[in-house]
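Student: Mind having a look at this structure? Questions to follow.
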Amino acid sequence: MDKSRLYIEGGRRISGEIKVQGAKNSVLPILAASLLTSGTSRLRNCPALSDVFSSCRILTSLGCKCRQDGDVLEIDAGKLSDYEIPEQLMREMRSSIVFLGAILGRLRRCRLSFPGGCELGPRPIDIHLSGLRKLGAKITEDHGVLDCTLPGTVTGAIINLTLPSVGATENIMLAAAIGSGETVIQNAAREPEIADLAGYLNACGADIRGQGSSTVIIKGVSKLHGAEYEIMPDRIVAATLMGAAAITGGELMLTGVRPQDMNSTLSAYEQTGCDLYQYADRIYISAKKRLQAIKTLRTSPYPGFPTDCQPILMAVLTRAKGTSMIVENIFENRFRAAAELRRLGADIKAEGKVAVIEGGDKLSGAATVATDLRAGAALVIAGLAADGTTTVSNVHYIDRGYQAIEAQLRSIGAKIKRI
Ligand code: EPZ
């Protein structure tokens, strides 16, 4: 495992302008979707992330050819040689479950190991499996190995999700895109990344409507061809960079973003007293005044406040004046940043779904450990505001979702290096 760590000299204001990278949670399902096409796709604005490289290893192991050409990723899915994903590749990345729907959609057969929980707690896939079974899939689970077949063509189904699961919505869209009937997903996830996946699939010849709403309709088509597609900007990375500006009392212009995807996050930063201005594809944030606490911040499915931004705002609120309360409604174990933030002097009590943060005016540098992707990012931005030196180890978690985070932050005034 990578032993590198980040060294951060805190106490410097973030200021400048930065272009936001392409969205991890859009490019991952789109990479799986490329398996459905019998041609070559070119994905522009593709971020260089370890999760993207893991996905390319899975695609290659199935017989695809992947080629990175600057920030364009080219995938040739002309012929597939296998329907099984090796266990060690499945273990590298939680979200590889989304390959299930794509492999079934193209090859009607799929075999993959599905490891249990991850850093955020158990990651059940019951909603994925019940949706795929409604499409006619035969799935056996034995000792963590899923063996699935999709006999005949998909003739459509009406599938009501018990939870608006992002991954389950994506898996059903992928399995239903090629077929002859109409599939309706009710209580579908509404995240912008779902609409981006539908955008790519429709560019490949699929017939999907209602994406972004709670009812997604997929009319099966006979085959899909490759396409050229631009990945949407990463709204969680944008929120993280805004957090860096907010916590250091700085100012930042973000470019290449879609403000309309971020309303609940923008309103959270406004509640802390930051000044925000949004234009077509840019957001300006400045934190000239002392940050204010947020009485209650609840995470919920889109368009509610995103769970992925929760650790980021937790870090920011450690510097706000007053008492903030965060309620985490999506994942069971997503307050892991709290213990590490306390090492920097933060006053946070986390119990079950609720965390209470007493904002102080000082954080001081310490050695910290990233426990998962977004908790790691939260420690980095807290380190920017802490006096002295903060180190963050287990940087590999952060590299899953942030492209060279130290280079991004250095470009807007941070003193940070990776050793
Ligand atoms: C996606 O995960 C994102 N990952 C996550 O981002 C994000 O936190 C999450 O959506 C919620 O927005 C990718 O897109 C690759 P879910 P996913 O299925 O699809 C429960 C990050 O930091 N559930 O919407 O796994 C589940 O336990 C990552 O970038 C079931 O009970 O999320 C969770 O409590 C972390 N049964 C809730 O639903 C199921 O079959 C939301 O999960 C599926 C999910």
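The values are calculated or read from the model by the stated rules, or taken from the named source; none is laboratory data. Because the structure is a prediction, the values reported are computed rather than measured. Please note: Cβ atoms are built from the backbone with ideal geometry, for glycine as well, and neighbour counts cover all protein chains shown.
Student: If the Cβ limit is 6 Å and pairs must be 6+ apart or interchain, which residue in the stretch 153-176 that is part of a loop (DSSP other than H, G, I, E, B) pairs with which residue that is of a type in the set (S, T, N, Q) and surrounded by fewer than 22 Cβ atoms within 10 Å (Cβ to Cβ)?
Tutor: If the second residue must be of a type in the set (S, T, N, Q) and surrounded by fewer than 22 Cβ atoms within 10 Å (Cβ to Cβ), the pairs left are Thr153/Ser180; Thr155/Ser180; Leu161/Asn187; Pro164/Asn187.
Student: Only one of these conditions is not met by Cys66: (1) of a type in the set (A, V, I, L, M, F, W, C); (2) free of Cβ contacts under 8 Å to residues at least 40 places away in the same chain; (3) closer than 30 Å to Thr371 by Cα; (4) not in a helix (DSSP H, G or I). Which number is it?
Tutor: Cys66 satisfies all of (1) of a type in the set (A, V, I, L, M, F, W, C); (2) free of Cβ contacts under 8 Å to residues at least 40 places away in the same chain; (3) closer than 30 Å to Thr371 by Cα; (4) not in a helix (DSSP H, G or I) except (3).
Student: Is there any pair with a first residue in the stretch 345-367 that is among the hydroxyl-bearing types (Ser, Thr, Tyr) and a second that is surrounded by 14 or more Cβ atoms within 10 Å (Cβ to Cβ) whose Cβ atoms are under 8 Å apart and which are 6 or more apart or on different chains, and what are they?
Tutor: Close Cβ pairs (under 8 Å, with a partner that is surrounded by 14 or more Cβ atoms within 10 Å (Cβ to Cβ)) amount to Ser364/Leu344; Ser364/Gly345; Ser364/Ala386; Ser364/Asp387; Ser364/Gly388.
Student: Kindly list the number of the only condition in (1) at pLDDT 90 or above; (2) in contact with a strand residue (DSSP E or B) (Cβ under 8 Å, 6 or more places away or on another chain); (3) surrounded by fewer than 22 Cβ atoms within 10 Å (Cβ to Cβ); (4) of a type in the set (A, V, I, L, M, F, W, C) that fails for Cys110.
Tutor: The one condition Cys110 does not meet is (3).
Student: Quick one: is Ala375 of a type in the set (A, V, I, L, M), in a helix (DSSP H, G or I), within 11 Å of the ligand (Cβ to nearest atom) and in the same structural domain as Ser15 (by TED's automatic domain parsing)? Talk me through it step by step, then tell me what you get.
Tutor: Values: of a type in the set (A, V, I, L, M): yes; in a helix (DSSP H, G or I): yes; within 11 Å of the ligand (Cβ to nearest atom): yes; in the same structural domain as Ser15 (by TED's automatic domain parsing): yes.
The answer is yes for Ala375.
Student: Moving on. Restricting to the stretch 26-52, give me the number of residues that are over 16 Å from the mean Cα position of the chain (by Cα) and part of a helix (DSSP H, G or I).
Tutor: Initially, the stretch 26-52 is screened for residues over 16 Å from the mean Cα position of the chain (by Cα), giving 33-44.
Then keep just the ones that are part of a helix (DSSP H, G or I); that gives 33-36.
Here the count works out to 4.
Student: Please pick out the residue among Ser4, Ser95 that is at pLDDT below 95, surrounded by fewer than 20 Cβ atoms within 10 Å (Cβ to Cβ), of a type in the set (S, T, N, Q) and within 30 Å of Thr391 (Cβ to Cβ).
Tutor: Numbers: Ser95 fails: surrounded by fewer than 20 Cβ atoms within 10 Å (Cβ to Cβ).
That would be Ser4, the only listed residue that is at pLDDT below 95, surrounded by fewer than 20 Cβ atoms within 10 Å (Cβ to Cβ), of a type in the set (S, T, N, Q) and within 30 Å of Thr391 (Cβ to Cβ).
Student: Just to be sure, is Val184 away from the ligand (no atom under 16 Å from the Cβ), assigned by TED's automatic domain parsing to the domain that holds Pro122 and more than 25 Å from Thr215 (Cα to Cα)?
Tutor: Working: away from the ligand (no atom under 16 Å from the Cβ): yes; assigned by TED's automatic domain parsing to the domain that holds Pro122: yes; more than 25 Å from Thr215 (Cα to Cα): no.
Against the criterion (away from the ligand (no atom under 16 Å from the Cβ), assigned by TED's automatic domain parsing to the domain that holds Pro122 and more than 25 Å from Thr215 (Cα to Cα)), Val184 does not qualify.
Student: Follow-up. Failed condition for Glu84, given (1) in contact with a His (Cβ under 9 Å, 6 or more places away or on another chain); (2) at pLDDT 95 or above, with all others met?
Tutor: The one condition Glu84 does not meet is (1).
Student: Next question, about the same structure. Sort out which residues of the stretch 127-151 are within 16 Å of the ligand (Cβ to nearest atom), of a type in the set (Lys, Arg) and surrounded by fewer than 16 Cβ atoms within 10 Å (Cβ to Cβ), and write them in order of number.
Tutor: If the condition is that a residue be within 16 Å of the ligand (Cβ to nearest atom), of a type in the set (Lys, Arg) and surrounded by fewer than 16 Cβ atoms within 10 Å (Cβ to Cβ), then Arg133 is the only one that fits.
Student: Which members of the stretch 152-170 meet the condition of being more than 9 Å from the ligand (Cβ to nearest atom) and polar (S, T, N, Q)? Break it down stepwise before answering.
Tutor: Taking the stretch 152-170 and keeping what is more than 9 Å from the ligand (Cβ to nearest atom), we get 152-160.
Those that are more than 9 Å from the ligand (Cβ to nearest atom) and polar (S, T, N, Q): Thr153, Thr155, Asn160.
Student: Oh, and also: Among the residues of the stretch 252-297, write down those that are more than 14 Å from the ligand (Cβ to nearest atom), charged (D, E, K, R) and within 24 Å of the chain's Cα centre (by Cα).
Tutor: Keep residues of the stretch 252-297 that are more than 14 Å from the ligand (Cβ to nearest atom), which gives 252-260, 263, 266-297.
Restricting the remaining residues to those that are charged (D, E, K, R) gives 258, 270, 275, 281-282, 288-290, 295.
Selection gives Arg258, Glu270, Asp281, Arg282.
Student: If you don't mind, another one. Look through the stretch 298-326, keep the residues that are of a type in the set (D, E, K, R) and either closer than 23 Å to Leu344 by Cα or more than 24 Å from the chain's Cα centre (by Cα) (or both), and return whichever of them is nearest to the ligand (Cβ to nearest atom). Explain how you work it out, then say what you get.
Tutor: Residues of the stretch 298-326 of a type in the set (D, E, K, R): 298, 308, 319, 321.
Going one step further and asking which of them are either closer than 23 Å to Leu344 by Cα or more than 24 Å from the chain's Cα centre (by Cα) (or both), we end up with 308, 319, 321.
Details: Asp308: 4, Arg319: 23, Lys321: 29 Å.
Residue satisfying both the conditions and the ranking: Asp308.
Student: Looking only at the stretch 89-103, count every residue that is aliphatic (A, V, I, L, M), assigned to a helix (DSSP H, G or I) and within 12 Å of the ligand (Cβ to nearest atom) and tell me the total. Can you show your working first?
Tutor: The initial filter retains those residues of the stretch 89-103 that are aliphatic (A, V, I, L, M), namely 89-90, 93, 97-98, 100, 102-103.
Filter once more, keeping what is assigned to a helix (DSSP H, G or I): 89-90, 97-98, 100, 102-103.
Right, trim to within 12 Å of the ligand (Cβ to nearest atom) and you get 97-98, 100.
Count: 3.
Student: Can you name every residue in the stretch 372-398 that is farther than 19 Å from Leu120 by Cα and small (Gly, Ala, Ser)?
Tutor: Answer for the stretch 372-398, where residues must be farther than 19 Å from Leu120 by Cα and small (Gly, Ala, Ser): Ala382, Gly383, Ala385, Ala386, Gly388.
Student: So, one more: Across the stretch 136-169, which residue is modelled with the lowest pLDDT among those that are closer than 16 Å to Phe99 by Cα and among the hydrophobic types (A, V, I, L, M, F, W, C)?
Tutor: My answer is Val145.
Student: So, Ala382, is that one in a strand (DSSP E or B), crowded, with 20+ Cβ neighbours inside 10 Å and away from the ligand (no atom under 16 Å from the Cβ) or not? Talk me through it step by step, then tell me what you get.
Tutor: Values: in a strand (DSSP E or B): no; crowded, with 20+ Cβ neighbours inside 10 Å: yes; away from the ligand (no atom under 16 Å from the Cβ): yes.
No: the conditions fail for Ala382.
Student: Could you please give the count of residues in the stretch 190-240 that are away from the ligand (no atom under 15 Å from the Cβ), under 21 Å from the mean Cα position of the chain (by Cα) and aliphatic (A, V, I, L, M)? Let's see the steps before the verdict.
Tutor: Step one: list which residues in the stretch 190-240 are away from the ligand (no atom under 15 Å from the Cβ), which gives 199, 201-210, 213, 215, 217-230.
Restricting the remaining residues to those that are under 21 Å from the mean Cα position of the chain (by Cα) gives 199, 201, 213, 229-230.
If we keep only those that are aliphatic (A, V, I, L, M) as well, we get 201.
Count: 1.
Student: Scan the stretch 7-29 for residues that are out of contact with any Cys (no Cβ under 6 Å at 6 or more places or on another chain) and closer than 28 Å to Met90 by Cβ and jot them down. Step through it out loud before you land on a result.
Tutor: Going residue by residue through the stretch 7-29, those that are out of contact with any Cys (no Cβ under 6 Å at 6 or more places or on another chain) are 7-21, 23-26, 28-29.
Passing the criteria: Gln21, Ala23, Lys24, Asn25, Ser26, Leu28, Pro29.
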